[in-house]
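Worksheet: one structure, shown below.
Here, each number is a calculation from the coordinates, and none is a lab measurement. Because the structure is predicted, anything quoted here is derived from the model rather than measured. With ideal geometry, Cβ positions are generated from the backbone for all residues, glycine too; neighbour counts draw on all protein chains shown.
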Amino acid sequence: MYELDRIIQPIRNIVHTHGMYEVDRYWKPAFGFHGSSLDEQTQSLVLRLDSLDASVSHLLGLLQTGAKAKPKKPTQAPTKTQQYASNQPTPAQPAALGDHIKISSTSSLAVQANPDRPPVAALLFCHALAAHGFNVFVSSYVHSSVGQLSPSLTSLLEALTPNTSRLSNHSLTLRIVWTRLYPDCTTYLDINSTMLHGEVMLLLTLAEVISQPDASGQSELLMLIDALHRDTGPTTILKQLAEKPHFQSLNRNLPSIPDCFLYVTLEQLNLFTCLPSALAQWLKVCSKYESFALLGRNWSK
């Protein structure tokens, strides 16, 4: 009665050539080397972003580990550790920081550092460790992109490089390759690990190697100190640092990693004249450290 037909008839016998509608990928492979791939600058940016993502993930892992760590009360006699003599008498006082530090295992770190932004805090801490009897070895190599180190950096390295034998067994070895391939220092833990960018990541890696009483809280201090480089008004951050117990406890005979990083940052930014009273007292204690005195005499920014 009612014959129905399709509104849209099926399409048959379509003839076309392969070149009629040429479709290409919108995003090219980031790591291709043919002419249609992304340019070299974009490839470098992709690599840097991947490394930055890995560094941030590593840092978040450290923060989470520190937040979960809770001090446990000793149920038995503490394990005997090697003691290092202090230059000052400490009767009836809490144990100094240097008496509790030990290098957990034989560790070797490789760092690519830009000579225009040397990791001064890391060098300062390694020198302080060696000055207190720890077996630390620091070596430097110059990449062809640099040619020759500046006289000021050479003087700094001569002053802060521990005088240890290359042939002996070292608990901590830091190898620095001076290159301008990166704007900041880049740390390599081993051949299979991801690169860690920035001096803060190098210092956090050193904090993992060095066992210290307040190691779990050092990551927060280092990030707060690093914020001084990006803050136009550092007064607020300095007040926050002055309230931290780490910089109010002045009974240690060996500077910590945050001590070295804060001292170097204050020197770089010329902030010694605007310190809160608590940090001013901390600065007086820092003046007794031999490594800090060497830094002041041999470092021209």
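Just the number, please: percent antiparallel of the DSSP beta bridges in the stretch 98-298, rounded to the nearest 5.
On the way: 7 of 21 bridges.
Rounded to the nearest five, the antiparallel share is 35 percent.
For Ser145 and Ala280 in one chain, what is 0.36 nm times their gap in residues minus the Cα-Cα distance, to one decimal in nm?
Values: separation 135, 0.36 × 135 = 48.60 nm, distance 4.10 nm.
Using 0.36 nm per residue and subtracting the Cα-Cα distance, I get 44.5 nm.
Amide H neighbours of Val146 under 5 Å, counting only residues 5+ apart in sequence or on other chains, H built in-plane at 1.01 Å?
For Val146, whose amide H was placed from the backbone, the distant partners under 5 Å are Arg180.
Can you compute the modelled spin-label distance between Phe272 and Glu290, with each label point 7 Å from Cα toward Cβ, in nm?
2.1 nm
What do you get for GluC sites (Glu not before Pro) in the stretch 225-301 restricted to DSSP loop and a cutoff of at most 12 other Cβ within 10 Å of the site's Cβ? Please report the intermediate quantities before stating the final value.
Values: sites: Glu243, Glu267, Glu290; in loops: Glu243.
Sites meeting the loop and neighbour criteria: Glu243.
Give the relative contact order (percent, whole number) for the stretch 98-298; include only Cα pairs under 8 Å separated by 6+ residues.
29 percent
If amide H atoms are built 1.01 Å from N in the plane of the peptide, which residues on other chains or at least 5 residues away come under 5 Å of the amide H of Ser107?
Leu172, Thr173
Sticking with the crude label model, points 7 Å out along Cα→Cβ, report the distance from Asn298 to Lys239 in nm, one decimal please.
3.9 nm
Please give me the summed charge of the neighbours of Pro276: other residues whose Cβ is under 9 Å from its Cβ, Lys and Arg +1, Asp and Glu -1.
Every neighbour counted, the sum reads 0.
For a quick protection proxy, order the peptides 274-286, 228-240, 130-142 by their average other-Cβ count within 10 Å, most packed first. It would help to have the intermediate numbers written out before the result.
On the way: 274-286: 15.8, 228-240: 12.6, 130-142: 18.1.
Order by mean packing, descending: 130-142, 274-286, 228-240.
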